[in-house]
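Taking it in order: structure first as structure tokens, then the write-up.
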Ligand SMILES: Cc1ncc(COP(=O)(O)O)c(C=O)c1O
């Protein structure tokens with residue numbers, strides 16, 4: 001039956017009847033009714049009630065160049081007319097898949113010169129696991145299979161992605177993680193090491209990797225994977241000492257080092273990639289989200305020359321996706337990366353708009369609810385705590401964050417709550433006036449939250 005839906009309640013009803021949402025309590029959403037987003041431009045969204053919403057999260061950490069860039073829709077239409085699809089399996093390629101690979105080798109760090117394409121961050125992290133297994137087998141060390149990651153890491157929702165991830169609430173919903181996926185402490189200085197200097201704690205937290213390698217035996221460990229800044233885990237910014245020490249340990253024990261750049265990549269931290277902000281050189285790098293600014297699904301794994309040298313003489317790699325290197329997605333990603341580069345958006349995050357947002361956020365540390373402000377470039381978190389002196393969290397973690405998030409929702413600002421951390425990652429094109437609007441609204445929502453729980 002073809003029914004024309006023209007009211008929010010009709011859309012909500014149809015959504016209730018037929019749509020299962022990710023990471024959502026179905027009954028709760030059905031009772032409340034879903035918000036229908038209808039259009040977007042720059043850093044703003046509009047819903048079906050005509051409300052204008054400022055998007056402090058770039059969608060889901062992905063719309064780096066902002067909404068509504070016609071260049072990308074034009075490129076997609078042109079590519080669909082010319083060649084809507086062809087695969088990269090049959091000893092074939094397409095021009096967009098190849099020229100994007102070349103562009104990626106230019107914008108990524110030295111030594112990362114080959115890409116294996118996928119359609120999502122999760123898929124590309126699965127690819128990382130299979131590539132690492134393949135690499136060690138080809139080197140005559142097939143027992144090196146175990147991956148070490150961090151608690152509260154997010155690496156996706158596929159079986160390998162959720163096993164790499166360290167989210168307890170995901171692991172609880174299945175026999176997860178799968179065998180061969182191990183987790184160490186997240187480098188959360190504010191909660192785990194505030195009795196030390198941040199750099200002392202960074203070394204201590206990295207030391208957990210060495211302990212884990214020794215426990216498992218280096219001969220059994222394939223790789224360590226981490227997000228330069230843990231995004232979904234609460235924008236956990238590691239101490240400066242952390243990543244260089246992780247790299248030293250990986251090299252010492254001959255363990256591959258993988259940077260999950262799905263959030264940090266493509267300018268978020270003020271460099272092209274988060275590993276460049278934190279001073280380490282990964283063997284593989286997962287990319288998605290900002291690779292196309294979310295305009296179309298595409299992802300990739302950048303693989304270092306030293307791995308490619310081994311893989312290229314090891315026969316077939318029996319892995320791939322129908323849409324690996326999809327020509328339309330590749331053309332859109334290429335146009336997106338060209339905009340990031342030609343408009344100097346990454347440099348702008350480093351020297352102008354990133355420092356502006358971080359400087360303005362510093363004042364939030366005086367708010368009665370805020371225990372810590374942390375961030376880099378255009379990504380930040382406000383940690384809401386019960387006691388600022390002792391860093392004591394609220395009794396039921398997540399409750400206050402949810403109150404704040406609900407105020408944000410009602411006041412047409414998008415901030416994400418992870419536990420009691422309120423997160424921000426606006427599009428890289430945001431202006432200073434828009435940062436002011438975003439942070440003024442964020443402050444108002446913090447005030448409303450503090451009043452609700454009697455802390456103001
Ligand atoms: C760091 C990181 N890795 C992987 C993923 C999974 O990406 P996707 O949702 O595209 O599968 C995400 C998604 O948020 C992420 O933040």
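The values are calculated or read from the model by the stated rules, or taken from the named source; none is laboratory data. Just so it is clear, the structure is predicted and the values come from calculations on it, not from any experiment. FYI the Cβ positions are ideal-geometry reconstructions off the backbone, even for glycines, and counts take in every protein chain you see.
Structure summary
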quantity	calculated
Residue in region 410-421 that is at pLDDT 95 or above, more than 30 Å from residue 195 (Cα to Cα), touching a strand residue (DSSP E or B) at 6+ places or on another chain (Cβ under 7 Å) and in a helix (DSSP H, G or I) present	no
Qualifying residue in region 314-326 (condition: within 21 Å of the chain's Cα centre (by Cα), surrounded by 21 or more Cβ atoms within 10 Å (Cβ to Cβ) and either in contact (Cβ under 8 Å) with a residue 60 or more places away in the chain or more than 16 Å from the ligand (Cβ to nearest atom) (or both))	yes
Of residues in region 439-454 being out of contact with any helix residue (DSSP H, G or I) (no Cβ under 6 Å at 6 or more places or on another chain) and crowded, with 22+ Cβ neighbours inside 10 Å, the one farthest from residue 42 (Cα to Cα)	446
Candidates 153, 160, 149, filtered to the one that is within 24 Å of the chain's Cα centre (by Cα), assigned to a loop (DSSP other than H, G, I, E, B) and either within 16 Å of the ligand (Cβ to nearest atom) or modelled with pLDDT of 95 or more (or both)	153
Single match in 361, 378, 311 (criterion: within 16 Å of the ligand (Cβ to nearest atom) and either outside the structural domain of residue 426 (by TED's automatic domain parsing) or at pLDDT 95 or above (or both))	378
Within region 393-402, considering residues that are part of a loop (DSSP other than H, G, I, E, B) and touching a residue at least 12 places away in the same chain (Cβ under 8 Å), the one nearest to residue 191 (Cα to Cα)	393
Identity of the residue in region 260-298, part of a strand (DSSP E or B) and more than 10 Å from the ligand (Cβ to nearest atom), that ends up surrounded by the fewest Cβ atoms within 10 Å (Cβ to Cβ)	284
Options 374, 405: the member that is touching a residue at least 24 places away in the same chain (Cβ under 8 Å) and under 30 Å from residue 193 (Cα atoms)	374
Members of region 209-233 found to be in contact with a helix residue (DSSP H, G or I) (Cβ under 9 Å, 6 or more places away or on another chain), farther than 21 Å from residue 133 by Cα and assigned to a strand (DSSP E or B), listed by number	none
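Listed here are the residues, each with its yes/no results for (1) closer than 27 Å to residue 157 by Cα; (2) out of contact with any helix residue (DSSP H, G or I) (no Cβ under 7 Å at 6 or more places or on another chain).
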residue: 26; (1), (2): yes, yes
residue: 38; (1), (2): yes, yes
residue: 62; (1), (2): yes, no
residue: 72; (1), (2): no, no
residue: 95; (1), (2): no, yes
